[in-house]
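The values are calculated or read from the model by the stated rules, or taken from the named source; none is laboratory data. Predicted, not measured: the structure shown is a model, and the values here were computed from it. FYI the Cβ positions are ideal-geometry reconstructions off the backbone, even for glycines, and counts take in every protein chain you see.
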Amino acid sequence: MNLYIKNLRFLFLSLALIFSACETEESIQITSPEPMLLLQEPGISNVFLNFGTPTNAAITISWNDDLTGSSSYDIEMSLDPELTTITNLGSVSTKSYTINVEDLNKAIRNAGATNFSDVAIYLRINAGSATSNVVQYLVTTYPVDAPVILSPLANDAFVLSLGMADDTAITIEWSDAVLSSTLGVDVNYTIQASAPGTDFAAPVTIGNSTNETTLTSTHSDFNAVAIGIGLVAETAGNMDIRIIAEITNSNGNTLERISEITSISVTPYLTSFPNLFMVGDATTPGWDNNNNNTPMFRNQDVPNAYVFTGYFKAGAFKLLETKGQWQPQWGTNDGSSLAVNPGGGSDPGTFNVASAGYYTYNMTTVRESGSYTVTSYDATSATNYNTMGIIGQAIGGWGDGDEVNFTQDPNNPHLWYALAVNFTNGEEFLIRANDMWNDVWRHTGSTELYGKALLAGSGNNFPFTKPTGSYNVWFNDLDGSYLIIAN
C-alpha cells in the first residue's frame, strides 16, 4: 500500500513538472537583431603616412549592411567628431573601401588640417538616407604645400656693383608651415635662379639652408649667379627665382616641394672667369698638373659655365685654374655641388668616374662654389675623322699648305689640340676635317676665344679679334666646342 502511494506521488510530481515546463516554454519570445549599417571598428587606429610609398594602402575599412540593401556607398570623412563638414573620399558598390597614402594625405590636407601629427579623422558610411556609426583614426600626414617666397617681391630690381663685392646684395625670405609643426624633421632648402621662361631647364644655385627661412647673397656671389644664367653685364635682365624644399625620411625617400616662381630684374657687372684644366687618372694627363692638361670647354653665352663631352677612364679627376699649380683647385665634396680651395685651405674631393665611357659634364661656378651635372653620352654614331686642322688667313693662309693640323688625344678620338699656333689680329679662319672642305665647322657668333662651332657647308668664318700672338687651340668634334688659350 505504501509503495502504491509513493508511486502516485511521483506521478503527480512529474505531471506538475511537465505542465510547468510547458508554461515556461510558451513564455519564451525569440527576437531578431535590429537591422543596421555597421562600420567595423579598426584593429589599428594609428596611421603613419609614408610619402615614400604613395600608392600603398593607408586604410582599409569594411562594413555590414542589414538595413538598406544598397548597391552604392559613400565614404565620408570629417576632421570633427560631429561631422559638420564632410569630405567625400569616394563611392563603392562593395562593402569595403581602401584608400592609398597619397590620396588620404591629400584629402586630410585639403580638409584644412592645421597640424601634421596625430590628426584625428572621423569616417562613416552613407547609403542614401542611412548612415553608419563613426570610427576614428589618428593619422600622421606629410606636407604638400610648397614654401612661399616673401622677399624679394615680383619685379624688384637689383643693380650689382664690383665696389660692393662683399656686401649683401639680396636677402631671400620665405615661409614654410612645416618648420612650425611638430613633425620634427629637417627641411633642406635649395634656392635657385634661372633664365626667365625656361622652366628652370638650366638652374644655378644661389644658396642652400637647413631649417632656415632666410638666405643672403653678396654682390659678388649674386653677380656670378646672374652671369651664370646668361644675363649680360651692365644690362638689366630678368631672373626667375624658386625654392626647393626637401625632406628625407629614414628609408632614404625624399619629399620635394617647389615654390612658385618670383621674377626680378638684375643688372650684373663685368667680370672674368678662369679656364679650368683637368688633372687625374680618369683623364689623359693623369695626376701630373703640368702635362698639356685637357681644358674644360666654355659656354659662349655664359662665361662661368663650363662643359666637356668626351671619354673618361675609370678613376677620378679635379680641375685646376693654372697648369703647374695645385691651387686654385676645384672638385666636389658631395657629388652635386662644386667646391674650391683658392689657396691656403683644404682641397676638395674628386669627381669620380665609376666606369670608363663617354660623359658630359656641365659646371657653373659661383665664386667659391657652384653646381654641376654629369650624364652618359652615346658616341656610337659619331663620325671618326682621320685628321683635323685649322686653316685661314688668321694662321697664315687658305692654302692646303697653310693648314695647321691638330693632334688627336690618345684616349679620346674626338678631342683635338694644336699648340703654339700663331694668330694674326683682324683675320679669319675655319676648322675642317680630313684636309678637305666637306666637313667644315663655322663661327656661331661668339665674341670670346671660346664657344661652339657649327658643322655646316656654308656660313661665317671665325674672326680673330684678339692680339696677334701664340695660342693653343682645343677642339671637340662631338659637339663643336672650341677653346683658344693665349700662351
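Here are the numbers for this structure:
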read-out: Residues that are loosely packed, with under 14 Cβ neighbours inside 10 Å and in a loop (DSSP other than H, G, I, E, B), drawn from segment 83-96; value: 84, 85, 93, 94
read-out: Residue list for segment 266-300, filter: surrounded by 16 or more Cβ atoms within 10 Å (Cβ to Cβ) and either at pLDDT below 95 or closer than 20 Å to residue 204 by Cβ (or both); value: 266, 267, 268, 269, 273, 275, 276, 296, 297, 298, 299, 300
read-out: Residue list for segment 139-148, filter: assigned to a strand (DSSP E or B) and polar (S, T, N, Q); value: 140
read-out: Strands (runs of 3 or more DSSP E) enclosed by segment 149-213 - at least 3 residues per element that are surrounded by 14 or more Cβ atoms within 10 Å (Cβ to Cβ) and touching a strand residue (DSSP E or B) at 6+ places or on another chain (Cβ under 9 Å); value: 168-175, 188-194, 204-210
read-out: Residues of segment 59-72 classified as among the polar types (S, T, N, Q) and more than 27 Å from residue 48 (Cα to Cα), total; value: 4
read-out: The listed residue being out of contact with any strand residue (DSSP E or B) (no Cβ under 6 Å at 6 or more places or on another chain), more than 24 Å from residue 291 (Cβ to Cβ) and touching a residue at least 24 places away in the same chain (Cβ under 8 Å), out of 392, 396, 401; value: 396
read-out: Segments classed as strands (runs of 3 or more DSSP E), wholly inside segment 394-487, with at least 1 members that are over 36 Å from the mean Cα position of the chain (by Cα) and crowded, with 18+ Cβ neighbours inside 10 Å; value: 415-423, 428-433, 440-442, 469-476
read-out: Answer from 364, 383 - the residue that is over 30 Å from residue 338 (Cα atoms), touching a residue at least 60 places away in the same chain (Cβ under 8 Å), of a type in the set (S, T, N, Q) and not assigned by TED's automatic domain parsing to the domain that holds residue 221; value: 383
read-out: Residue check for residue 166: outside the structural domain of residue 58 (by TED's automatic domain parsing), under 18 Å from residue 226 (Cα atoms) and touching a helix residue (DSSP H, G or I) at 6+ places or on another chain (Cβ under 9 Å); value: yes
read-out: Residue count, segment 432-482 (criterion: over 16 Å from residue 387 (Cβ atoms) and of a type in the set (A, V, I, L, M)); value: 5
read-out: The one condition in (1) hydrophobic (A, V, I, L, M, F, W, C); (2) more than 30 Å from residue 49 (Cα to Cα); (3) under 25 Å from the mean Cα position of the chain (by Cα) that residue 279 fails to fulfil; value: (3)
read-out: Failed condition for residue 474, given (1) more than 22 Å from residue 377 (Cα to Cα); (2) touching a Phe, Trp or Tyr at 6+ places or on another chain (Cβ under 9 Å); (3) not small (Gly, Ala, Ser); value: (1)
read-out: Qualifying position, being in the same structural domain as residue 238 (by TED's automatic domain parsing) and not β-branched (Val, Ile, Thr), among 126, 115, 155; value: 155
read-out: Filter result for residue 352 (under 24 Å from the mean Cα position of the chain (by Cα) and either loosely packed, with under 15 Cβ neighbours inside 10 Å or more than 25 Å from residue 222 (Cα to Cα) (or both)); value: yes
read-out: Tally of residues being more than 14 Å from residue 280 (Cβ to Cβ), part of a loop (DSSP other than H, G, I, E, B) and not basic (Lys, Arg) across segment 355-374; value: 2
read-out: Of residues in segment 42-72 being assigned to a loop (DSSP other than H, G, I, E, B), among the polar types (S, T, N, Q) and surrounded by 13 or more Cβ atoms within 10 Å (Cβ to Cβ), the one farthest from the chain's Cα centre (by Cα); value: 68
read-out: Selected residue (only one of 94, 68 is outside the structural domain of residue 242 (by TED's automatic domain parsing), without any contact (Cβ under 8 Å) to a residue 40 or more places away in the chain and of a type outside the set (A, V, I, L, M, F, W, C)); value: 94
read-out: Enumeration of residues in segment 321-349 that are assigned to a loop (DSSP other than H, G, I, E, B), within 19 Å of residue 273 (Cβ to Cβ) and under 23 Å from the mean Cα position of the chain (by Cα); value: 332, 338
read-out: Single residue of 275, 304 found to be in a strand (DSSP E or B) and closer than 17 Å to residue 450 by Cα; value: 304
read-out: Which listed residue, of 125, 121, 99, is more than 37 Å from the chain's Cα centre (by Cα), crowded, with 18+ Cβ neighbours inside 10 Å and of a type in the set (Val, Ile, Thr); value: 125
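Residue by residue, here is whether (1) within 25 Å of residue 55 (Cβ to Cβ); (2) of a type in the set (Val, Ile, Thr); (3) in a strand (DSSP E or B) holds:
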{"site": "74", "(1), (2), (3)": "yes, no, yes"}
{"site": "81", "(1), (2), (3)": "no, no, no"}
{"site": "121", "(1), (2), (3)": "yes, yes, yes"}
{"site": "126", "(1), (2), (3)": "no, no, yes"}
